[in-house]
Each structure stands twice: as C-alpha cells, then as structure tokens.
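The values are calculated or read from the model by the stated rules, or taken from the named source; none is laboratory data. Source: prediction; values computed, not measured. Every residue, glycine among them, receives a Cβ derived from its backbone with ideal geometry; neighbour counts consider all protein chains shown. Heavy atoms of the whole protein, side chains included, go into the accessibility calculation; ligands, DNA and RNA do not. Shrake-Rupley method; radii C 1.70, N 1.55, O 1.52, S 1.80 Å.
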Amino acid sequence: MRSPLMRRFGLATVLGLVLAVFGLAPSASADPAPAALTFTTDTATTTPGGTVQLSMTLTNNRTYDIWFVYQTIDPTWLTTQRPDLKYSFTGCSLATAAGSTPCSGTGPANLGADYGATVPPGQSRTVTLTLQVAADSGCNGNIGFYSYYYAEFSDSTNTSGGPVYTPETRVLCA
C-alpha cells in the first residue's frame with residue numbers, strides 16, 4: 001500500500017519539474033536595491049589631529065522619487081573597543097550643482113535630512129562628513145562606522161538597508 005505522503009511528495013516534485021522546464025519557477029533576481037548607500041573616504045590613514053572626509057552617496061534606483069530618508073551612523077564594535085581613539089564629526093556638506101552647501105545632523109542622529117530635497121529616479125545625492133581625530137587621540141588603531149537607512153518613495157513604498165560599512169581609517173602615530 002502506498003503512503004499518501006509519498007503520493008503528495010511525488011506530485012510536488014513533478015509540478016516543480018514542469019515549472020522549472022517551462023521557466024515559470026521563481027528565480028533569483030539581479031535587480032538592484034531600490035535605494036543604495038555607499039561610502040568613500042578621501043584618505044585611508046591620518047594622524048592624531050588630522051581630518052578625514054567621509055562621503056555618503058544615496059542612489060535612487062527606482063522609477064519614483066525618494067521623498068524621505070532616515071539614516072544613522074555608529075562606530076563599529078572594533079572601534080568602540082579602542083577607547084583611546086578620540087574623534088568627532090565636525091562638519092557636513094551636501095554636494096549640489098551650484099557647489100557644496102552646509103547641512104546639519106552630523107553624528108549618529110538622523111542624517112537623512114542632509115540629502116536635501118527629493119532624490120529623483122536614477123540620481124544620487126552625496127553628503128560629506130568631516131571626521132576630526134583629536135590631537136590627543138591614541139594611534140595604531142582603526143576608526144570605522146556602519147549605517148542603517150530607511151527610504152520612502154513617492155509611490156508610497158519604502159525600503160531599508162544596512163548595515164553598510166564605511167572604509168576604515170587607520171590612525172597612525174605621528
């Protein structure tokens with residue numbers, strides 16, 4: 001006597017095979033994320049008292065405007081394990097067609113407002129934070145951050161992403 005479980009398993013297998021042969025089975029998608037956040041720095045190393053420009057670029061890969069962005073930035077766990085590394089964000093600027101304009105919200109607070117007005121489809125906005133390493137900071141350590149973001153689009157959909165990691169900056173002894 002055949003088990004009903006085996007009969008169901010056989011039917012599911014045959015159905016899956018038919019769908020795969022005719023290309024109807026779900027497949028992995030190579031579509032880009034609806035919004036993408038990337039980081040770059042102007043230098044990989046600095047010394048105590050130095051500065052590093054940390055640029056954050058938000059790209060809209062959808063066909064609708066990004067209306068709202070909420071973003072955080074926090075030190076990585078390894079950075080927090082070096083309490084002798086002293087640093088702070090001291091400046092913020094938004095790159096525009098007319099040049100850079102100051103922005104606010106530096107540090108772990110909401111950085112999303114710094115991207116300015118809506119981000120149209122296919123376009124990007126770049127915000128640059130100035131990372132100041134204190135003159136009395138420890139050295140021979142790395143400073144790195146991670147970020148989470150949330151974006152809302154004009155079609156009432158949303159997306160979130162992260163963690164997105166910044167390049168690490170090595171603090172060298174002077």
By my count, strands (runs of 3 or more DSSP E) wholly in segment 30-75 with at least 1 residues that are within 20 Å of ARG125 (Cα to Cα) and at pLDDT below 90 are 35-41, 66-75
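This table checks each residue for (1) among the hydrophobic types (A, V, I, L, M, F, W, C); (2) out of contact with any Cys (no Cβ under 7 Å at 6 or more places or on another chain).
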{"residue": "THR79", "(1), (2)": "no, yes"}
{"residue": "LEU85", "(1), (2)": "yes, yes"}
{"residue": "SER93", "(1), (2)": "no, no"}
{"residue": "ASN110", "(1), (2)": "no, yes"}
{"residue": "TYR115", "(1), (2)": "no, yes"}
{"residue": "THR118", "(1), (2)": "no, yes"}
{"residue": "GLY122", "(1), (2)": "no, yes"}
{"residue": "VAL127", "(1), (2)": "yes, no"}
{"residue": "GLN132", "(1), (2)": "no, yes"}
Of the residues in segment 121-135 that are touching a Lys or Arg at 6+ places or on another chain (Cβ under 8 Å) and of a type in the set (A, V, I, L, M), the one that is surrounded by the most Cβ atoms within 10 Å (Cβ to Cβ) is VAL133
Across (1) assigned to a loop (DSSP other than H, G, I, E, B); (2) open to solvent by 60 Å² or more (accessible area, probe 1.4 Å); (3) in contact with a strand residue (DSSP E or B) (Cβ under 8 Å, 6 or more places away or on another chain), THR90 clears everything bar (1)
How many residues of segment 42-58 are open to solvent by less than 40 Å² (accessible area, probe 1.4 Å) and of a type in the set (S, T, N, Q)? The answer is 3
Scanning segment 110-132 residue by residue, those more than 14 Å from the chain's Cα centre (by Cα), over 30 Å from PRO48 (Cβ atoms) and not in a helix (DSSP H, G or I) turn out to be GLY116, ALA117, THR118, VAL119, PRO120, PRO121, GLY122, GLN123
With criteria (1) assigned to a loop (DSSP other than H, G, I, E, B); (2) more than 17 Å from ALA33 (Cβ to Cβ), ASP155 comes up short on (2)
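What is the residue count in segment 123-164 for residues that are within 26 Å of THR63 (Cα to Cα) and touching a strand residue (DSSP E or B) at 6+ places or on another chain (Cβ under 7 Å)?
21
The rows are residues; the columns are (1) surrounded by 13 or more Cβ atoms within 10 Å (Cβ to Cβ); (2) aliphatic (A, V, I, L, M); (3) over 18 Å from PHE39 (Cα atoms).
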site: ARG82; (1), (2), (3): yes, no, yes
site: LEU94; (1), (2), (3): yes, yes, no
site: ASN110; (1), (2), (3): yes, no, no
site: VAL119; (1), (2), (3): yes, yes, no
site: SER137; (1), (2), (3): yes, no, yes
site: GLY144; (1), (2), (3): yes, no, no
site: VAL164; (1), (2), (3): yes, yes, no
Taking segment 107-137 and keeping only residues that are in contact with an Asp or Glu (Cβ under 8 Å, 6 or more places away or on another chain), over 19 Å from PRO167 (Cα atoms) and not polar (S, T, N, Q), one is left with VAL119, PRO120, PRO121
Among residues of segment 146-157 being of a type outside the set (Phe, Trp, Tyr) and surrounded by 15 or more Cβ atoms within 10 Å (Cβ to Cβ), the residue farthest from VAL52 (Cα to Cα) is SER154
